[in-house]
Amino acid sequence: MTVLDPATPPCRTYLFADPASHSLSPRMHRAAFAHAGLAGDYQAVRVLPADLATAVSGLRRPDVLGANISLPHKEAVVALLDDLTPAARAIGAVNTVIHRDGRLTGDNTDAPGLFDALVEAGAAGVGDRPRDGAVVVLGAGGAARAAVYAALILLERDVYVVNRTHVRAEELAAAWAAPDADHQARARVAADVPWDDVTLVINASSAGLDAPEQTPLDAAYLTRLPLSAVVYDMVYRPAQTRLMREARAAGLRAENGLGMLAQQARLAFQTWTGCDVPVSVFLNALATPQDEAR
Ligand SMILES: NC(=O)c1ccc[n+]([C@@H]2O[C@H](COP(=O)([O-])OP(=O)(O)OC[C@H]3O[C@@H](n4cnc5c(N)ncnc54)[C@H](OP(=O)(O)O)[C@@H]3O)[C@@H](O)[C@H]2O)c1
C-alpha cells in the first residue's frame, strides 16, 4: 500500500449520504489527516439518489482520494464502480470508494470494522476462542449483511439471523447458503434460537436508534444467554440503548457501536492514505456530545 507523503497536494475525501449534514465522519477524518500530517479534507455532502452517478463520477478527479458512502446509497453505488473488493462483493454493499488513477474500487470496511471493534472489546472469545458459540444477528438490512459476513467469515461462527420481517432474514441467510461451508447462516424467529449456545448478539437493526424505549429483542431472551455472552449494539445514539440496558440487567456485557464507527473510519482512512492512524484518534474525535449522526 502506498503511503501518502505529507508534501502531497491537498487531497479530498467525501461522504455521500442523505441526510449528511449531521455526520460524525468529518470530525473523525479531519482529526486523522491532522494526526498524519497530511493536507487533506473530508466533506459530508448530501446526495439525492438521482444525483449519485454524477457525484460518483466526480471522484475520478486527480485531487480526490475517495469517499465514504452511507444510507441510502451503499447498494446503488455498486453499479457505478469499476471494481469491488472481495468483501464488498460478498456483502453486496460499499461504504468506502477508493480512487486510484481514474479507477474507482468499492470496499466495505463495516465488516472488518465490526470485527476489530469486537476484538478491541474482548467480546465473547473473539481472538482467543474464535470457534466458541454461535452469533445472533438482529436485522436484515445492509448493516446486518456486513455483520453476517463478519460472523461467518472473520469470526468463523454459525449465525442465526433474526429480523422483524422474517422473510428478509430468510433471504439474507439464503444468500450465504453453501452446504459444504464450515459455518452456516440460518434464519430463525427469536423463539427458535438455541440461546444457551449463543455467545454474541449483534444488533444490526435500526431499532433503538434515537428511540430509547425501542428494542429489537424481548428481554426474556437475554436471560437465556450464557453469562459469558456479549451484546454488541451497532446503534450508538443513545450511548446506552434499551437493549444494552436490559442485557446489563441480565448480567451480560454490552457495548455500543462507537467502536465500530471508529474502526470502519480508521480502515477507510488507511485505504485512502496508506496511514495506519491509531483508533484512539478517531474515538477521541467522537468524544464530544452525542447529538449528531453518522
Ligand atoms: N456503528 C456503526 O459503525 C454502524 C455502521 C453501519 C450501520 N450502523 C447502524 O446499523 C443500523 C442498521 O443500518 P442499515 O444500514 O442496515 O439499515 P437498513 O438497511 O434500513 O435496515 C434496517 C433494519 O432494521 C430493522 N428494524 C427497523 N426498525 C425496527 C424496529 N423498530 N424493530 C425491529 N427491527 C427494526 C429492519 O427490519 P425490517 O426488515 O422489518 O424493516 C431492517 O432489518 C442503523 O442503526 C445504523 O445506524 C452502525
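The values are calculated or read from the model by the stated rules, or taken from the named source; none is laboratory data. Keep in mind that what you see is a predicted model, and the values were worked out from it rather than measured. Please note: Cβ atoms are built from the backbone with ideal geometry, for glycine as well, and neighbour counts cover all protein chains shown. Note: accessible area is taken over every heavy atom of the protein model, side chains too, but ligands, DNA and RNA are not part of it. Shrake-Rupley method; radii C 1.70, N 1.55, O 1.52, S 1.80 Å.
Tabulated values for the structure
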read-out: Residue match in the range 256-263 (condition: of a type outside the set (A, V, I, L, M) and in contact with a helix residue (DSSP H, G or I) (Cβ under 6 Å, 6 or more places away or on another chain)); value: yes
read-out: Failed criterion for Leu225 (all others in (1) under 13 Å from Gly139 (Cβ atoms); (2) open to solvent by less than 40 Å² (accessible area, probe 1.4 Å) hold); value: (1)
read-out: Residues located in the range 123-150, provided they are buried (at least 24 other Cβ atoms within 10 Å of the Cβ), away from the ligand (no atom under 13 Å from the Cβ) and at pLDDT 95 or above; value: Val135, Val136
read-out: Unique match (being among the charged types (D, E, K, R) and over 20 Å from Leu172 (Cβ atoms)) among Arg89, Arg103; value: Arg103
read-out: Among (1) at pLDDT 95 or above; (2) buried (at least 17 other Cβ atoms within 10 Å of the Cβ) - the single one Glu120 does not satisfy; value: (1)
read-out: Residue ranges of strands (runs of 3 or more DSSP E) in the range 30-101 with at least 3 members out of contact with any Gly (no Cβ under 6 Å at 6 or more places or on another chain) and away from the ligand (no atom under 16 Å from the Cβ); value: 40-46, 64-69
read-out: Qualifying positions in the range 1-18 - farther than 16 Å from Leu267 by Cα and either modelled with pLDDT of 95 or more or of a type in the set (S, T, N, Q) (or both); value: Thr8, Arg12, Phe16, Ala17, Asp18
read-out: Residue check for Ser205: polar (S, T, N, Q) and at pLDDT 95 or above; value: yes
read-out: Selected residue [of a type in the set (A, V, I, L, M) and touching a Gly at 6+ places or on another chain (Cβ under 9 Å)] from Leu243, Leu286, Leu252; value: Leu243
read-out: Residues within the range 148-167 that are out of contact with any helix residue (DSSP H, G or I) (no Cβ under 6 Å at 6 or more places or on another chain) and not charged (D, E, K, R), tallied; value: 9
read-out: Considering residues of the range 181-198 that are open to solvent by 40 Å² or more (accessible area, probe 1.4 Å) and assigned to a helix (DSSP H, G or I) only, the residue nearest to the ligand (Cβ to nearest atom); value: Ala191
read-out: Residue check for Pro238: touching a helix residue (DSSP H, G or I) at 6+ places or on another chain (Cβ under 7 Å), assigned by TED's automatic domain parsing to the domain that holds Ala150 and open to solvent by 30 Å² or more (accessible area, probe 1.4 Å); value: no
read-out: Gly102 touching a helix residue (DSSP H, G or I) at 6+ places or on another chain (Cβ under 7 Å), under 27 Å from Val77 (Cα atoms) and surrounded by fewer than 14 Cβ atoms within 10 Å (Cβ to Cβ); value: yes
read-out: Positions within the range 62-95 being among the acidic types (Asp, Glu) and either within 15 Å of Thr109 (Cβ to Cβ) or in contact with a helix residue (DSSP H, G or I) (Cβ under 7 Å, 6 or more places away or on another chain) (or both), in sequence order; value: Glu75
read-out: Lone unmet requirement of (1) away from the ligand (no atom under 14 Å from the Cβ); (2) touching a helix residue (DSSP H, G or I) at 6+ places or on another chain (Cβ under 9 Å); (3) at pLDDT below 95; (4) not in a helix (DSSP H, G or I) for Ala178; value: (2)
read-out: Residue that is surrounded by the fewest Cβ atoms within 10 Å (Cβ to Cβ), among those in the range 153-175 that are part of a loop (DSSP other than H, G, I, E, B) and within 15 Å of the ligand (Cβ to nearest atom); value: Thr165
